[in-house]
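Please treat every number below as a calculation from the coordinates, not as lab data. Just so it is clear, the structure is predicted and the values come from calculations on it, not from any experiment. Ideal geometry is used to build each Cβ from the backbone, glycine not excepted, and the neighbour counts take in all protein chains shown.
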Amino acid sequence: MTNCSTTQISDKFWQKLESGEEAYFKAQGRSMLPLFPSGTVFILKKVPSVNISTGDIVLAKQGHNTIIHRVVDIRKDGKEIITKGDFLTENDQSFKPDQILAIAVAVIIGSYTIPLNRKSAKIVNSSIAKLSCCSAPLLRLARNLKRKFPSKEQKGR
């Protein structure tokens, strides 16, 4: 969802995660639409990589940047973690467990705090992750149909 430099994240944020406290992360971007718009605040917590499962939303280190995306697959007995933005058509690069910095335990949308670590949320998240393999072809189809059959507003432009 976000692709920000790890140097832009405050030292206090990293200290909270390292000490086992929850840390707040305001994500920017469109890659986690439609559920998580730009500006969504995720409450993150550092967890051992063995506790990460398909469907979890994680903060991962990608070079000098960080991204917050959903885990869509775990391969090689947990040594390779694949993430993807819900709105994106392609998976991210694979991550090693030590590149996963934290897991989202809750999300703040408006005035609501929604826990993501309850059993019901885990079921929904893993279902979204399983469906993400279908999203790329469906998004391409929708884009092609939109080009082929433009709306009245688009025809007037």
- line: Taking region 5-55, the equivalent ellipsoid from its C-alpha gyration tensor has semi-axes in Å, biggest first, of 20, 17, 9
message: Taking the beta-carbon count within 10 Å as an exposure proxy, list Asp56, Asp92, Asp77 from fewest neighbours to most.
response: Asp77, Asp92, Asp56
query: Ranking Leu33, Leu145 by Cβ neighbours within 10 Å, fewest first, what do you get?
result: Leu145, Leu33
- prompt: Relative to the present Cα-Cα distance, how much length would full extension add between Arg30 and Asn144 at 0.36 nm per residue of separation?
  reply: 39.0 nm
- request: Neighbouring Cβ atoms within 10 Å as the yardstick, rank Ile114, Ile81 fewest first.
  value: Ile114, Ile81
